[in-house]
Every structure is written in structure tokens, then in C-alpha cells.
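**Student:** Pasting a structure below so you can have a look.
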Protein chains: 2
Amino acid sequence: VTAPIGRLAIVGVGLIGGSLGLVARSRGLAGEVVGCGRGRANLDAALDLGLVDRASTDVTEAVRGADVVVLAVPAASCAPLAAEIARYASPDAVLTDVASVKLPVVTALEAAWPDPGRVVGAHPIAGSHRTGARAASATLFDGARCILTPTAATAPAALARIEALWRGTGALTERMDPARHDDILAWVSHAPHAVAYALAEAVGRAEAGDALLAYAGSGFLDTTRIARGSPTLWRDVLLANATATSTALAASRAVLADLEHALATGDAESLERLLTAARARLPRNDEP
Amino acid sequence: VTAPIGRLAIVGVGLIGGSLGLVARSRGLAGEVVGCGRGRANLDAALDLGLVDRASTDVTEAVRGADVVVLAVPAASCAPLAAEIARYASPDAVLTDVASVKLPVVTALEAAWPDPGRVVGAHPIAGSHRTGARAASATLFDGARCILTPTAATAPAALARIEALWRGTGALTERMDPARHDDILAWVSHAPHAVAYALAEAVGRAEAGDALLAYAGSGFLDTTRIARGSPTLWRDVLLANATATSTALAASRAVLADLEHALATGDAESLERLLTAARARLPRNDEP
């Protein structure tokens, strides 16, 4: 049995952090939720929306006395933040994060935190193209997967505490090696983001590219939606998982070459076979 | 001033054909709308939903006496259908289509129709991943672009008639050379479809590909949504616009190679520049 969380500090009250605060408060997963962020307007919105009990722009103050500290910030910001707050947090506080790349983040957090046993990497696979506290949703994690990435150093009690928190949100938790997590995410998230950026950039590079985009329909907009995300955030994620992402990108590039070859040779049979195989990988249209 | 359409025959009562029927009836764009399709169940749904006044599975009967015949079927089916119905249609009937590839379709329709002057290619850029009569919507064309692709052979009166029909649906019509249309669509629709298929297939080819897809989030599903479409339909569209689509695919492949190079060399600056440029091509997140 895991002791309830008295004080939960959430650094970064955006879509993920804000939703976690909202769910933690509404389901009693923590006695108090403290939000922290650099933007006062976003924190005020978080307070208005009831995502947090109180909020501060001072991270050293926000984490003081917290039992659990959640870093809900871009991957590249996790390690610097952990180093900054380490000596202000309670010695038995558990540190966790929600970054979509885990091996480098967890390694850096373990190095920065006083007790590496009290670091637990987590990645809730939930999102939206919306951002900020106003995008927070009480149902964001319902039925979503949340991957926990303990290492040999992780204390079982710390893992159990973070696992209980995420289960409490309605997420389906599972444990996975951080490197394995990053390999999987390269295929289903990091490379697809890069592909979406590449598609937008390819059109832009075409003659009269910007004029072309006026003719884009909903299909193009769906396909490139994830390329609307922050370039610096995705720069950092892609670099943090560069090898696995490159492998996955090269695989997409190879399939594109196959498609081009089928088009160049008018090979209808190969083309249909490839499209049919691809189609069979995906959910059906009546699924989300 | 264009004379109103007495009888409008729509061959293929799916998302586009069904929506056109619904709008034509509700806005009085035609005196009678006759639907035609091979599947009785879909036609019955079209009748129930009020998309058409009457329906038939016999295309030669459906087009008899029509002032305008709309082929709302896959691109590859247009020419065979036109040949089949040519001698049953009224001699002054105007033939139009809604295919997403225009030069080969319009050329074939002009060859098949008794009077090539009465052939007007059209492409309403509206859609959804939903299909069939039940997906029809009265607002599908509101504010959507509809590209008309007259040729040197097109009679001005026929063009005016189809232009008036699409304007009546709420679409924003414009005229364009068929080859120019196909070049543009290669960039914003045909190649993006191929890229989405390639992305799905690349993941599928990975070791444990199907297991990987269990970890796909909403981003991956958005990016590959258009690859859920019919493989045979897209095989035909891609082949019908093979040269322009290949050019656009090669451009995406080149950007992917640039991204891989930046990742391999850890070139954060180039990576950010590329992602930022791509991002700038796209609508903002608060736009559709």
C-alpha cells in the first residue's frame, strides 16, 4: 500500500501538468497541488480553472515540502530544473517527469537528484495540439498509456508511488526499460513528427510553395498537424533520441523510394500491394 | 444568366455525391436529383436521408433526361462510366466529375462524350475520412475551394452551368488548367497521401511493428489518417498523376535526408532552422 501524496508540486502547468493537477485535485490523489511556471497569466488561468490549489513563479518555493515533484516541462528543461531545485526539495521527495524521451532524461535526473532511487521516469502518452493551462482536461489520461521507466537504481517505494499517481488518473501504466521506450517512441512519435515537418517543408520548398498551401485540404492539415508544435521542443526531442529516430526516418525514406519506383515504372500491382499493407497496419476509420 | 438545372443525375452517392445531392435539393439548385450507385443499401440510405429524390442501380436509366450528369466516383471509374452512359444521356447533357486528378480524367471524358464541349472537370477540395451516403453533409462545401478545369474544347455555357452549380453549394470556384491543377494537388494531396502510407508501412516493417503501433498516440493517428483510404482508389490516383507526385515525394525524401543528416551530426542549429521553416508554412494551432 502506497501512502497518499500530501503535497504534489507540478513544474509546468501546461496541457499535461495542468491536466494532472486537475485530476489529482478532483480525485483526491494529493492533499495539495502546487503549480509552478514562468508565466503569471498561465498560472492565473490554472488557478481560475482549479488545476492547482496554489501557484508560484518561484520554483524553489513551489517544490518546498512537496512529497512528489513532477517536471511537466520540455525534455531539455528537465535536467537543469532538477539541478536547480535539488537542494530546496525535501530529502525524501520523489522526482518524476513526463518527457517523451526517457533514457537521457532519466539518466540526467538520477545524476542531479540527491537520491537517484527517488527518481522515476514516466511518459503519459496523451496529448493534443493544444497547449497551456487552458487546454487542460480532466479526462486526458483516461485509458491512455503511461509508461514508467524505472532503472536498476529506482527504489520500489518511489516507483509504487508514481505508479499509483498515474493509475489514479485513469491511465494504464506499464513498466519499460528507458532505452526500449525511446526505441518505440522513435517509431510512433519522434520520426512521425519529423516526417510531418518534412512534408510541410517539402511543399514550402516547391516553386510557389506558399501559394500551393492555399489548396491544402483536411488531409494535408491532418498529416502535418503535429508539425505545428514548437520547433525548439522538437529539435531537443529529436536530438535526444537521434539514433533511433534516424533509423525510423530512413525506413520511411526507403518506403518513399519504393513508392516512387512503382510510380516511375507504372507498377500498379506493387503499388497496390504496398498501400494495402500500409493500410492494414492502421486502425479502421470507425476507430479513433 | 444560367438556366436552372431541371434534372441532376449523380453517379456515386458517397460523401461528395451525397453531399452535393443534399445541398442541391435543399437549396433548389436542381428540380430533381437522381442518385445512382451499385449498392442498394447505400442508395436506400441516400433516399432516407433525403440526399436524392429517387435512386437507381441502373446507370443508363439514372442519367436519362438529366441536364447535368455528375460522376462522383473514383478517378479511374470516370472514363468507363462516361463511355457506358454516353448514348443514354440527353444530347445536350453536361458531364462533370469530382475526381482529384484532372488532366487524364478530363481528356478521357472529352473523348468519351458525344460533345466534348459539354464536359467540365471539377474538383471540390472537401472531404473527410468518412465515406458513403451516411457521411453526407449539407455544409461540406461551404467555403471550400472547387477548382474547375475547362479546356480549349469547353463550351462557355457548359462551364457556366457547372460553375453556378458549385457556387450554389457555397463552394468558392476558380478556373485552372487541368495540368496545373494536377501539379498543385500532387504537392498538397497526392504526395501527402503517399507519405502517410509510407509512414504506416515503415512502422509496420520495423521489428515488432504491430506491437509498436499499440503505443501510437493521437499525433501518429492524425498523421496517418489519410492512409486509411482505399488502396485501390489511391493506387489509381497516384498512377494517374505519377510524374508530379514522384517529384513531390522526392522533395519530401530530400528533406528527410536533411533531417537525418542534422541528427547524425548533432547539428542543432540546422535542425531548428529546418523545423522552424517547416512550421512557418502551416496554419497556426488555433486555425483548422
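**Student:** Can you say whether B:D210 is open to solvent by 10 Å² or more (accessible area, probe 1.4 Å) and under 22 Å from the mean Cα position of the chain (by Cα), as far as the supplied structure shows?
**Tutor:** No; evaluated as a whole, the condition is false for this residue.
**Student:** Before we move on, is A:P192 more than 8 Å from chain B (Cβ to nearest Cβ) and either farther than 22 Å from B:S189 by Cα or under 15 Å from the mean Cα position of the chain (by Cα) (or both)?
**Tutor:** No.
**Student:** Determine the pairs where a residue that is under 22 Å from B:A160 (Cβ atoms) and among the basic types (K, R), located within segment B:1-26, has a partner that is at pLDDT 95 or above and open to solvent by 10 Å² or more (accessible area, probe 1.4 Å) with Cβ atoms under 6 Å apart, the partner being 6 or more residues away or on another chain.
**Tutor:** B:R7/B:E32; B:R7/B:G65; B:R7/B:D67
**Student:** Give segment B:1-20 a look and list any residue that's surrounded by fewer than 24 Cβ atoms within 10 Å (Cβ to Cβ), part of a loop (DSSP other than H, G, I, E, B) and touching a strand residue (DSSP E or B) at 6+ places or on another chain (Cβ under 9 Å), or say none.
**Tutor:** Once the filter is applied, which keeps residues that are surrounded by fewer than 24 Cβ atoms within 10 Å (Cβ to Cβ), part of a loop (DSSP other than H, G, I, E, B) and touching a strand residue (DSSP E or B) at 6+ places or on another chain (Cβ under 9 Å), segment B:1-20 yields only B:P4.
**Student:** Still on this model: Would you please name the residue that is nearest to the other protein chains (Cβ to nearest Cβ), looking only at residues in segment B:100-120 that are touching a residue at least 40 places away in the same chain (Cβ under 8 Å) and closer than 26 Å to B:D53 by Cβ?
**Tutor:** Top of the filtered list is B:V120.
**Student:** Turning to a different aspect of this structure: Applying the selection to segment A:248-274, what residues are over 21 Å from B:G209 (Cβ atoms) and more than 8 Å from every other protein chain (Cβ to nearest Cβ)?
**Tutor:** The answer is A:H261, A:T265, A:D267, A:E269.
**Student:** Just to be sure I understand the filter: pairs with C-beta atoms under 8 Å, separated by 6 or more residues or on different chains, first member in segment B:68-83 and among the hydroxyl-bearing types (S, T, Y), second member not in a loop (DSSP other than H, G, I, E, B). Which pairs pass?
**Tutor:** Listed by first residue and then by second, the contacts come to B:S77/B:L71.
**Student:** Within segment B:226-242, which residues are open to solvent by 40 Å² or more (accessible area, probe 1.4 Å) and under 16 Å from A:G217 (Cβ atoms)?
**Tutor:** The answer is B:L233, and nothing else.
**Student:** Ok, one more. Just give me the residues in segment B:127-155 being under 26 Å from B:T107 (Cβ atoms) and within 7 Å of another protein chain (Cβ to nearest Cβ), in sequence order.
**Tutor:** Matches in segment B:127-155: B:G127, B:R145.
**Student:** Got a number for residues in segment A:248-284 being assigned to a helix (DSSP H, G or I) and open to solvent by 50 Å² or more (accessible area, probe 1.4 Å)?
**Tutor:** At the first step, the residues of segment A:248-284 found to be assigned to a helix (DSSP H, G or I) are A:248-264, A:268-281.
Okay, now just the ones that are also open to solvent by 50 Å² or more (accessible area, probe 1.4 Å), so A:253, A:258, A:261, A:264, A:269, A:272-273, A:276, A:280-281.
Of the residues in segment A:248-284, 10 are assigned to a helix (DSSP H, G or I) and open to solvent by 50 Å² or more (accessible area, probe 1.4 Å).
**Student:** Is there any pair linking a residue in segment B:197-219 that is within 7 Å of another protein chain (Cβ to nearest Cβ) to one that is open to solvent by 50 Å² or more (accessible area, probe 1.4 Å) and outside any loop (DSSP other than H, G, I, E, B), with Cβ under 6 Å and at least six apart or on different chains, and which?
**Tutor:** Short answer, once both residue conditions are applied: B:A200/A:R281; B:G204/A:R281.
**Student:** Is there a residue in segment B:172-183 that is of a type in the set (A, V, I, L, M, F, W, C) and open to solvent by less than 20 Å² (accessible area, probe 1.4 Å)?
**Tutor:** The answer is no; no qualifying residue exists.
**Student:** What's the number of the condition A:T245 fails, among (1) within 30 Å of A:R180 (Cβ to Cβ); (2) open to solvent by 50 Å² or more (accessible area, probe 1.4 Å)?
**Tutor:** Against the list (1) within 30 Å of A:R180 (Cβ to Cβ); (2) open to solvent by 50 Å² or more (accessible area, probe 1.4 Å), A:T245 comes up short only on (2).
**Student:** Filter segment B:148-172 for residues that are among the β-branched types (V, I, T) and touching a residue at least 40 places away in the same chain (Cβ under 8 Å); which is nearest to B:V94 (Cα to Cα)?
**Tutor:** Only one residue tops the list, namely B:I162.
**Student:** OK, next. Mind checking which residues of segment A:227-247 are within 7 Å of chain B (Cβ to nearest Cβ) and in contact with a Gly (Cβ under 9 Å, 6 or more places away or on another chain)?
**Tutor:** A:L239, A:A242
**Student:** Regarding B:A138, is this residue within 24 Å of B:A242 (Cβ to Cβ), surrounded by fewer than 19 Cβ atoms within 10 Å (Cβ to Cβ) and out of contact with any Cys (no Cβ under 6 Å at 6 or more places or on another chain)?
**Tutor:** no
The values are calculated or read from the model by the stated rules, or taken from the named source; none is laboratory data. No experiment lies behind these values; they were computed from the predicted model shown. As a convention, Cβ positions derive from the backbone with ideal geometry for all residues, glycine included, and neighbour counts pool all protein chains shown. Only protein heavy atoms, including side chains, enter the accessible area calculation; ligands, DNA and RNA are left aside. Shrake-Rupley method; radii C 1.70, N 1.55, O 1.52, S 1.80 Å.
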